[in-house]
Amino acid sequence: YPATAIAAAESIALSWPMTLWDEFTKTYDGFATESYKTLGRRLGEIQTTLTEMATQAVEKRVACAVLRMMNQSGRRTEDGIEIGFPITRQNISDMTGTTLHTVSRLLSAWEKDGVVASRRKHIIVTNPHELVLLTGAQGADPVFVAWSRFAIGAVLTLPFGLRGSARLLRDWRIWLRA
């Protein structure tokens with residue numbers, strides 16, 4: 001594969017042989033539809049990232065990456081919204097196609113301006129509204145801006161509902177990977 005996934009937190013990986021695809025789509029209502037939706041959403045995210053890397057200035061790319069992580073896994077703390085998994089400046093530079101030096105310089109400047117607070121492998125967005133403005137999203141969807149400004153956390157759920165998810169987890173082989 002041209003990319004490698006790295007788990008940022010404890011994860012569950014579900015695996016099954018492709019020969020079971022037909023059986024799963026018949027047995028579990030919505031399995032194929034939800035799988036295709038997830039794939040489409042992920043491809044859209046990849047397209048967005050590639051477009052950002054090809055067309056945006058470095059500061060906007062880094063701001064978009066931090067905002068995206070905040071929206072995906074942010075949790076409210078007394079200091080702001082903390083990205084809910086360990087993230088290094090090197091990780092951010094890899095995600096945005098820039099250098100470690102540039103990411104360090106930007107995060108230090110943002111910290112001085114009160115936009116973020118960072119310490120070893122942790123970033124807290126202290127001023128989400130300003131971060132949105134750094135992305136160049138002045139004309140952004142108000143719902144997106146509101147979520148970015150008032151995010152209180154993210155919940156990860158399987159797309160089949162509680163009963164369907166429990167059934168899938170019971171029926172599939174589950175591989176725990178760290």
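The values are calculated or read from the model by the stated rules, or taken from the named source; none is laboratory data. None of the values given here were measured: they were computed from a predicted structure. Reconstructed Cβ throughout: ideal geometry from the backbone, glycine too, with neighbour counts over all protein chains shown. Note: accessible area is taken over every heavy atom of the protein model, side chains too, but ligands, DNA and RNA are not part of it. Shrake-Rupley method; radii C 1.70, N 1.55, O 1.52, S 1.80 Å.
Mind giving me the nanometre distance, one decimal, between the label points for Glu45 and Asp94, set 7 Å out from Cα along Cα→Cβ?
1.6
Between Ala9 and Arg119, what is the spin-label point distance in nm, taking each point 7 Å from the Cα along the Cα→C-beta axis?
Here the modelled spin labels are 1.9 nm apart.
Quote the FRET efficiency, to the nearest 0.05, computed for Thr25 versus Gln56 with a Förster distance R0 of 41 Å and r equal to the Cβ-Cβ distance.
FRET efficiency, Thr25 to Gln56: 0.55.
How far is it, in nm, from the label point at Asp79 to the one at Glu111 when both lie 7 Å from their Cα along the line to the Cβ?
1.0
List the GluC sites (Glu not before Pro) within segment 1-109 that fall in a DSSP loop (any state other than H, G, I, E or B) and whose Cβ has at most 15 other Cβ atoms within 10 Å.
Listed in order of number, the matching sites are Glu10, Glu78.
Express the accessible area of segment 1-85 per residue in Å², computed with a 1.4 Å probe while the remaining protein chains stay in the model.
Result: 68 Å² of accessible area for each residue.
Check the straight Cα-Cα distances from Lys26 and name the aspartates and glutamates below 18 Å, setting aside those fewer than 8 residues away within the same chain.
Glu34, Asp171
Can you give me the % of accessible surface on segment 15-79 that is carbon or sulfur? Probe 1.4 Å, all protein chains present, nothing else counted.
Carbon and sulfur: 55 percent of the exposed surface of segment 15-79.
Across bins of 10 angstrom width beginning at 0, how are the C-alpha pair distances of segment 13-112 distributed, in whole percent?
All Cα pairs, binned at 10 Å, distribute as 13, 33, 25, 19, 9, 1 percent.
Considering the convex hull of the alpha carbon atoms of segment 1-40, report its projected area averaged over all viewing directions, in nm², one decimal.
4.1
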